[in-house]
1. How many of the residues making up region 98-142 are out of contact with any strand residue (DSSP E or B) (no Cβ under 9 Å at 6 or more places or on another chain) and under 15 Å from Arg8 (Cβ atoms)?
2. Given the condition open to solvent by less than 50 Å² (accessible area, probe 1.4 Å) and on the phi > 0 side of the Ramachandran plot, answer yes or no: does some residue in region 93-106 qualify?
3. So Thr86 passes all but one of these: (1) within 23 Å of Ala26 (Cα to Cα); (2) modelled with pLDDT of 95 or more. Which condition number does it fail?
4. For the subset of region 133-149 comprising residues that are in a helix (DSSP H, G or I) and in contact with a helix residue (DSSP H, G or I) (Cβ under 7 Å, 6 or more places away or on another chain), which member is nearest to Arg96 (Cα to Cα)?
5. Out of Asp44, Asp67, I need the residue that is farther than 23 Å from Ala139 by Cα and at pLDDT 95 or above. Which one?
6. Condition check: among the basic types (Lys, Arg), part of a helix (DSSP H, G or I) and out of contact with any Gly (no Cβ under 7 Å at 6 or more places or on another chain). Does Arg152 satisfy that?
7. If Thr86 satisfies all but one of (1) outside any strand (DSSP E or B); (2) without any contact (Cβ under 8 Å) to a residue 40 or more places away in the chain; (3) buried (at least 16 other Cβ atoms within 10 Å of the Cβ), what's the number of the condition it fails?
Amino acid sequence: MPDLDTPRLRLHALTAAEAEALHTGALPDGWAYADGYPMPDTKDGVGLYLRHGEQDYGFHFVVHRDDGVVVGEIGFVGPPQGGAVTIGYAIVPAARRQGYATEAITALTEWALAQPAVENVRAQTLPDNEPSVRALLRAGFDEDEPAPRVRRFVRFAG
């Protein structure tokens, strides 16, 4: 998968070597990292990618283009299944409430929906995580059927 650019961000698709390093707790060389990165769930997120190994549906750094600082992460839980992919994302606390999550979610979702095997993109968040809910809604997602302990969202192609 190529890196994706938005007006303010670059979504850098990690190589297998970068993902392995990050999973072991080492930050890949060549990047500046915002305070708070890696985040508590980074190891789990990159671990999902390492388990499924599909480079096209991998794990990405969310990089601020102006200064090259990694401010978060976004990626796929796995490759498409039944026409659906699921994404997960996080932004470091100091970079929240600036629209970065919405921008990253939109870019990754639009790339995914352009792939022949993807008909919809899914995401979920904790019920009380209103900033995450707002980011998903701004990125064109609709709330899906509720599930225990999470709010689920979906965006369809077209």
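1. Of the residues in region 98-142, 4 are out of contact with any strand residue (DSSP E or B) (no Cβ under 9 Å at 6 or more places or on another chain) and under 15 Å from Arg8 (Cβ atoms).
2. So far as region 93-106 goes, yes, one or more of its residues are open to solvent by less than 50 Å² (accessible area, probe 1.4 Å) and on the phi > 0 side of the Ramachandran plot.
3. Unmet condition: (1).
4. Going through the qualifying residues, I end up with Ala135.
5. Going through Asp44, Asp67 in turn, just one is farther than 23 Å from Ala139 by Cα and at pLDDT 95 or above: Asp67.
6. no
7. Unmet for Thr86, out of (1) outside any strand (DSSP E or B); (2) without any contact (Cβ under 8 Å) to a residue 40 or more places away in the chain; (3) buried (at least 16 other Cβ atoms within 10 Å of the Cβ): (1).
Condition check ((1) open to solvent by 30 Å² or more (accessible area, probe 1.4 Å); (2) within 21 Å of Glu110 (Cβ to Cβ); (3) touching a residue at least 24 places away in the same chain (Cβ under 8 Å)) across all residues:
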{"site": "Met39", "(1), (2), (3)": "no, no, yes"}
{"site": "Lys43", "(1), (2), (3)": "yes, no, no"}
{"site": "Val70", "(1), (2), (3)": "no, no, yes"}
{"site": "Gly78", "(1), (2), (3)": "no, yes, yes"}
{"site": "Gln81", "(1), (2), (3)": "yes, yes, no"}
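The values are calculated or read from the model by the stated rules, or taken from the named source; none is laboratory data. Model, not experiment: these values are computed from the prediction. Every residue, glycine as well, gets a Cβ built from its backbone with ideal geometry; the counts of neighbours run over all protein chains shown. Accessible surface areas use protein heavy atoms only, side chains included; no ligands, DNA or RNA. Shrake-Rupley method; radii C 1.70, N 1.55, O 1.52, S 1.80 Å.
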